[in-house]
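**Q** I have a structure I would like to understand better, so I am pasting it below and will then ask my questions one at a time.
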Amino acid sequence: MKSAGIDDPADVRYVQTKTPLLTLAAINDARSRGQKTVTDDTALSMDISNSTAALGVAVALGEIQMPEAGQIHRDLSLYSSVASCSSGTELDRAQIVVVGNVHGIGGRYRIGHAVMRDALDADGIWAAIRASGLDLPERPYPSDLGDRLVNVFLKCEADPSGRVRGRRTVLLDDSDVHWHRQIKAAVGGVAAALTGDPAIFVSAAATHQGPPNGAPVAAISRLP
């Protein structure tokens, strides 16, 4: 925030993090030093890394109080409305990008954000676009955007209940295709249909990034 010139946490609309996850080499190194890791499952460590980073964002921006270690990846009532967290084996330290609106700096670009309540929440996407400064009709169409929408950034998560709006899904039961792929395709399709543009950013594994069955969405617009 300081680097970006943002003084008020309320002006932060999107925080992208990239954090390490556990590798077999890292797990074995910890064991050789008599230490334990939170999990031996390298894939699960990605979700836990994302969850920890998201709660860190929420604490930094004053959205929640500092959680207990046992709440990480468990207490889904704790979340950030602006965090988009990812992790991978290609780095060994956290990287952070903060995007927000700076008062008095001028320029044509503005970012807004909202929270999708579930994977089909079109209103949540439109709310983020409106929050970026675009004046839209009550029920907009892609043609109402013109060339003013720069991009949309979304997180997504398979609803832990296994249902969306009362309907059963198979995302968490499919043994052939991981739910990360399926939910990104579903939410990406919803956003692309609304905006008329498939060039959007969609990331899965959204625990603590939005409510349990939803996730944050941010939009950048080009104003007159």
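The values are calculated or read from the model by the stated rules, or taken from the named source; none is laboratory data. For clarity, every value in this text was computed on a predicted model and none was experimentally measured. Neighbour counts are summed over all protein chains in view; Cβ atoms, including those assigned to glycine, are modelled from backbone coordinates with ideal geometry. Protein only, heavy atoms only, side chains kept; ligands, DNA and RNA dropped before computing areas. Shrake-Rupley method; radii C 1.70, N 1.55, O 1.52, S 1.80 Å.
**Q** What nm distance separates the two modelled labels at residue 185 and residue 76, each placed 7 Å from Cα along Cα→Cβ?
**A** 2.3
**Q** Can you give the % of DSSP beta bridges in the chain that are antiparallel, to the nearest 5? Please list the in-between numbers first.
**A** Details: 21 of 31 bridges.
The answer is about 70 percent antiparallel.
**Q** While we're on this one: Given the options 58, 134, 71, identify the residue whose Cα lies farthest towards the positive end of the charge dipole of the chain (+1 on Cβ of Lys, Arg; -1 on Cβ of Asp, Glu).
**A** Farthest towards the positive end: 134.
**Q** Shifting gears a bit: Between residue 28 and residue 130, what FRET efficiency comes out of the Förster formula 1/(1 + (r/R0)^6) with R0 = 35 Å and r the beta carbon distance, rounded to 0.05? List each step's numbers first, then the result.
**A** Values: r = 50 Å, r/R0 = 1.44.
Result of the calculation: an efficiency of 0.10.
**Q** Can you give the alpha-carbon Rg of the chain over 2.2 N^0.38 Å, where N counts its residues?
**A** Details: Rg = 18.3 Å, N = 224, 2.2 N^0.38 = 17.2 Å.
Relative to the rule-of-thumb radius for its length, the chain sits at 1.06.
**Q** Straight-line reach from residue 155: which lysines have Cα under 26 Å away, leaving out those fewer than 8 places along the same chain?
**A** Within the straight-line cut-off, residue 155 pairs with 2, 18, 184.
**Q** Can you give the accessible area of residue 1, probe radius 1.4 Å, in Å² rounded to 10?
**A** The value for residue 1 is about 70 Å².
**Q** Restricting attention to the alpha-carbon atoms of the range 39-83, what are Rg (one decimal) and Dmax (integer), both in Å?
**A** Spelled out, the Cα radius of gyration and Dmax of the range 39-83 are 10.5, 32 Å.
**Q** Hey, got the dipole for the chain? About the Cα centre, +1 on K and R Cβ, -1 on D and E Cβ, debye to the nearest 20?
**A** Values: 22 positive and 25 negative charges, 37 e Å.
In total the dipole reaches around 180 debye.
**Q** Could you run the Debye sum over the Cα atoms of the range 20-108, one equal point scatterer each and no solvent, and tell me log10 of I(q)/I(0) at q = 0.13, 0.14, 0.16, 0.21 Å⁻¹, two decimals?
**A** -0.54, -0.60, -0.74, -1.07
**Q** At what distance in nm do the modelled label points of residue 192 and residue 151 sit from each other, each positioned 7 Å from its Cα along Cα→Cβ?
**A** Label at residue 192, label at residue 151, 1.7 nm between them.
**Q** Dipole of the range 128-224, Cα-centred, from +1 at each Lys and Arg C-beta and -1 at each Asp and Glu C-beta, to the nearest 20 debye? Can you show the working numbers first?
**A** Values: 11 positive and 10 negative charges, 30 e Å.
Result for the range 128-224 is approximately 140 debye, rounded to the nearest 20.
**Q** Restricting the count to DSSP beta bridges whose residues both fall in the range 123-224, what percent are antiparallel, rounded to a multiple of 5?
**A** Values: 7 of 10 bridges.
The antiparallel proportion sits near 70 percent.
**Q** Could you work out how far apart the two model spin labels at residue 8 and residue 108 are, taking each label as a point 7 Å from the Cα in the direction of the beta carbon, and quote it in nm?
**A** Spacing of the two 7 Å Cα→Cβ label points: 2.6 nm.
**Q** Using Cα pairs under 8 angstrom and six or more residues apart, how large is the relative contact order of the chain, in percent?
**A** On the way: 447 pairs, mean separation 63.5, N = 224.
Relative contact order comes out at 28 percent.
**Q** For the charge dipole of the chain, defined by +1 on Lys and Arg C-beta atoms and -1 on Asp and Glu C-beta atoms about the Cα centroid, which residue among 208, 149, 198 has the Cα displaced farthest towards the positive pole?
**A** In the chain, that residue is 149.
**Q** If each residue of separation counts as 0.36 nm, what is the full-extension length gain between residue 144 and residue 96 once their alpha-carbon separation is subtracted? Provide the component values of the computation, followed by the final result.
**A** Values: separation 48, 0.36 × 48 = 17.28 nm, distance 3.31 nm.
So the chain would gain 14.0 nm between residue 144 and residue 96.
**Q** Moving on. Expressed as a fraction of 2.2 N^0.38 Å, the rule-of-thumb size for a compact globular protein of N residues, what is the C-alpha radius of gyration of the range 88-219? Kindly include the intermediate steps, with their values, before the conclusion.
**A** Details: Rg = 16.0 Å, N = 132, 2.2 N^0.38 = 14.1 Å.
For the range 88-219, the normalised Cα radius of gyration comes out at 1.13.
**Q** Have a look at the DSSP beta bridges in the range 8-129 and tell me what percent are antiparallel, nearest 5.
**A** Values: 6 of 12 bridges.
DSSP beta bridges in the range 8-129 are roughly 50 percent antiparallel.
**Q** Okay, next question. Could you compute the net charge surrounding residue 59? Neighbours are other residues with a C-beta less than 15 Å from the C-beta of residue 59; K and R count +1, D and E count -1.
**A** On the way: positive: none; negative: 63, 68, 75.
Every neighbour counted, the sum reads -3.
**Q** Pick out the long, greasy-scoring helices in the chain: whole DSSP H runs spanning 20 Å or more along their own axis by Cα, mean Kyte-Doolittle at least 1.0. Provide the component values of the computation, followed by the final result.
**A** Details: long enough: 42-60 (27 Å, 1.06); 179-195 (24 Å, 0.48).
Sorted by number, the helices that extend far enough and score high enough are 42-60.
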